[in-house]
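Student: Structure provided below as structure tokens; questions to follow.
The values are calculated or read from the model by the stated rules, or taken from the named source; none is laboratory data. Here the structure is a predicted model, which means the values were calculated and not measured. Cβ atoms come from the backbone with ideal geometry, glycine included; neighbour counts cover every protein chain shown. These area figures cover heavy atoms from the full protein model, side chains too; ligands, DNA and RNA do not enter into them. Shrake-Rupley method; radii C 1.70, N 1.55, O 1.52, S 1.80 Å.
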Amino acid sequence: MALHSNTSSVYVALLFILNYVFIIAGSGLSLESSSGLLAPYDELYYRGVRAYFREDWERAAEFLEKSISTRDKLLRTRRKCHDECLRAGDGKISKLDTDFSLWDLGILDWIQVRAECVRFCMGRSVSPAALLPVSSDIEYEFGTRNPYNYLQVTYYKLDKMAKAASAAHTFFVANPSHLEMRNNIEKYRRMLGVKEESFLDREREQEQHWEMYDAAILAESSSDWVKAVQKWKECVNETLKQTDECRAQCVMASRVIPEEPDTVQGVYERAAELSLSLLSCKQMCVTLVSTRPGRVSALEDFLPFQLEHLHVAQFKAGDLKGAVETLRSQLLFYPTDPDSLSNLELYTQTLEGDTEAQETGPMQEIAKYINRALQEKRLLYFGMANLDFKFSDPDLWTPEDVVPESLQETWRAEKEKLHEKLKQGEKVEEVDESGFYAGGPVPVVGVTVTMDDQGLNGTNRVVLDGVLSQSECDRVMQLATVAASVGDGYRGRRSPHTPHEKFEGLTVLRALKLAQDGLVNQSDARLLHEIGETVKALMDSYFRSHSILYFAYTHLVCRSAIPGHQEGRLDLSHPVHVDNCILEPETRQCWREPPAFTHRDLSAVLYLNDDFEGGDFFFADRDAKTVTARVKPKCGRLVGFTSGPVNPHGVTAVTAGRRCALALWFTTKKHHRDMEREEAEELWAVDGKSVVKEEKGDSEKTARSGRSQGNKRSKERERVTGRRDEL
């Protein structure tokens, strides 16, 4: 059987892996770790879990941390040995003819040299037992970051709150639907000694390309094209780096030799099965790298998507030569794409006279990436057609000529089905599946509907006027002014959304604390609470709530233009977003996961003033560019809407003055209710001013007999749960 030169490296590498597996499997491995060598991280993990259930917290922390660090060192060692042995034995294969047999003795000699290099390199750092494959259960535990689940409770028990917060956050990033962990994190935030920097993702090193991706999108939204170019380049390079890291782990990880089936299977068939499994692992790195932690599905065409944004940013930043290079790289994925070809013609015409720039080729890294991927796909599709191998292609850009003719009809049907699925994002935006239906009665005297769905060009939207009187607006504005002057947790810092504005915020609980300290009037603090109850009644009635509605969060927010920082502003006071999912304008998808507040069901903004410039509220299309409706703030005007993907919205730049509004969010999920608001109500109840809420006709007094310390807030730690069914 002869090999063509363009595929020989792939076949030979596969045979090397097969040989390596046989060497490892037959080396008489011991379960005991040699001195100074890495122990099996799965054994360390099991020891940590056993100590956890014995409530031996010190030992649990020790073994769990060792299991995490040992696994990390093992992965790094594999990569180091992969790189060290990449060229081992090349001198032997260079002596062979171009057209050679896979089983020539020279080839086997080369395979043996490389396998020996790997075995020696790994043996210097890793114990024989740690070289064995771990179980699928262990892979799942670490893949879902469950060791950090145990660690957060362990550190809580050891009174190491900063470490507990970090472990909780690390776990939650990959498990955003874990409600108990969400609650635990909120409790950690209120504990003494826990700072914002404590909430660090300990696994972020493997996810840096997502940080760069987010930074690039942010730079684009503010039209900072120079920065966008920088961040998109970093994102592309880091994505390629993470893909190579994943592929190296596919090569170096110990593999279980395929079991012999009922029918007799020869060594060639078993070698092919193992080889194709390795190639499939390498191909699936595309999916792994393009899937955010905690997300089920990958961002399709992740690399082509980045290249598309990079060439547009380069064009707008004036780097036409770079734009040509990037666009030619993108065309390697989709050679006949009409938009890309049209853009390339535009760029080359603009560069008329600069022959060197016009003839700039694609990035070498991308060309190498495409060439390698196509070789692997050809082998995998050959295996599907002739060896009954199962392979799911992770790429949309795979050309049809790579697929054997016998598979092309099925391949086209599956590809069409996937494209239809991706197009669904454009259709669902017209349908609000929240279960709320706008158009109910307005139960407060003096409040009128100014704009409804039709006037706002959308679904489940409303503008109500007359919710507050001018005197009530003035009182709340004064409350906001005092809170800003004494420090409200924001301390007049720059807005988290733009460097051109100052940001101040106040919660109901903070207002109560200021009242208890004599800094604001008790009646004004109570007014802030009562306004929220009024808004809740309006939202509950107008949107015909199908279940009990709870406060999720209430926040009095003021945005002030910073003098001298307004000239030439192109950004927004608050970029276009959706309240309960992460909007991706490029794909028109909205991902229901953190940092979005996925539990929010209804949103409301109540305005307090209009003596400022800019600061208009607006609804937008999912592309985050097309404005569908604008609302001018004024005292007593309320904008209400469902919190899901049918209602993307933002705020235009505040270019002069101070804009204040009360933002409120509501949820139908009781476990996500606003605990700070209830704490304020409990404190009022202790003072003899109990607050009673009506919910669907049932009275519920929020004061609880368990609190009896008056104005003194307990400094004791809140309980962080650690039951096994919650871990």
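Student: Binning every alpha carbon pair distance of the range 444-568 at 5 Å from zero, what are the percents per bin?
Tutor: Result, from short to long distances: 2, 9, 16, 16, 17, 16, 14, 7, 2, 0 percent.
Student: For the range 535-552, just list the computed ³J(HN,Hα) in residue order, Karplus coefficients 6.51, -1.76 and 1.60, θ = phi - 60°, integers in Hz, with x standing in for Gly and Pro.
Tutor: In residue order, the calculated couplings are 4, 4, 5, 5, 5, 4, 7, 5, 8, 6, 4, 8, 7, 4, 9, 10, 5, 9 Hz.
Student: Follow-up. Express in whole angstrom the spacing between the alpha-carbon centres of the range 646-678 and the range 201-254.
Tutor: So the separation of the two Cα centres works out to 31 Å.
Student: Where a ≥ b ≥ c are the square roots of the eigenvalues of the C-alpha gyration tensor, would you call the range 623-691 rounded, which needs a/c under 1.5, or, failing that, prolate if a/b is larger than b/c, or oblate?
Tutor: Oblate, since a/c reaches 1.5 and b/c is not below a/b.
Student: For the range 370-381, take each phi angle, set θ = phi - 60°, evaluate the Karplus expression 6.51 cos²θ - 1.76 cosθ + 1.60, and give the result in whole Hz per residue in order, putting x for glycine and proline.
Tutor: For the range 370-381, the Karplus curve yields 5, 4, 5, 4, 5, 4, 5, 5, 4, 5, 5, 5 Hz.
Student: With θ taken as phi - 60° and the coefficients 6.51, -1.76 and 1.60, list the Karplus ³J(HN,Hα) couplings across the range 622-637 in order, rounded to whole Hz; mark glycine and proline as x.
Tutor: 5, 6, 6, 10, 7, 7, 9, 6, 10, 10, 8, x, 7, 4, x, 8
Student: Please report the accessible area of residue 171 (heavy atoms, 1.4 Å probe, ligands and nucleic acids excluded) in Å², nearest 10.
Tutor: 10 Å²
Student: Is the shape of the range 286-439 rounded, prolate or oblate, going by the alpha carbon gyration tensor and its root eigenvalues a ≥ b ≥ c, with a/c under 1.5 for rounded and a/b larger than b/c for prolate?
Tutor: The shape class here is oblate.
Student: Kindly identify the range 538-663 as rounded, prolate or oblate by the Cα gyration tensor criterion: order the square roots of the eigenvalues as a ≥ b ≥ c, call it rounded if a/c is under 1.5, otherwise compare a/b with b/c, prolate if a/b is larger, else oblate. Let's see the in-between values first.
Tutor: Details: a/c = 2.03, a/b = 1.28, b/c = 1.58.
Cα axes put the range 538-663 in the oblate bin.
Student: Amide H of residue 629: which non-local residues (sequence gap of 5 or more, or other chain) have their own amide H closer than 5 Å, using H built in the peptide plane?
Tutor: Answer set, sorted by chain and number: 619.
Student: If you filter the range 327-359 for GluC sites (Glu not before Pro), then keep DSSP loop positions with at most 13 other Cβ within 10 Å, what is left?
Tutor: On the way: sites: 345, 352, 356, 359; in loops: 352, 359.
Answer in residue order: 352, 359.
Student: Stretch residue 586-residue 523 to full length: gain in nm at 0.36 nm per residue minus the Cα-Cα span?
Tutor: 17.9 nm
Student: Would you mind calculating the gained length between residue 474 and residue 374 on full extension (0.36 nm times residue separation, minus the Cα-Cα distance), in nm to one decimal?
Tutor: Difference between extended and current length: 29.3 nm.
Student: So if each residue of separation counts as 0.36 nm, and I subtract the Cα-Cα distance between residue 90 and residue 69, what length gain in nm does that give? Write down the numbers at each step before the final one.
Tutor: On the way: separation 21, 0.36 × 21 = 7.56 nm, distance 3.41 nm.
Between residue 90 and residue 69, full extension yields 4.2 nm more.
Student: Continuing with this model, one more query. I'd like the Kirkwood hydrodynamic radius of the range 199-351, using the inverse of the mean 1/r over distinct C-alpha pairs, in Å.
Tutor: This gives a value of 17.9 Å.
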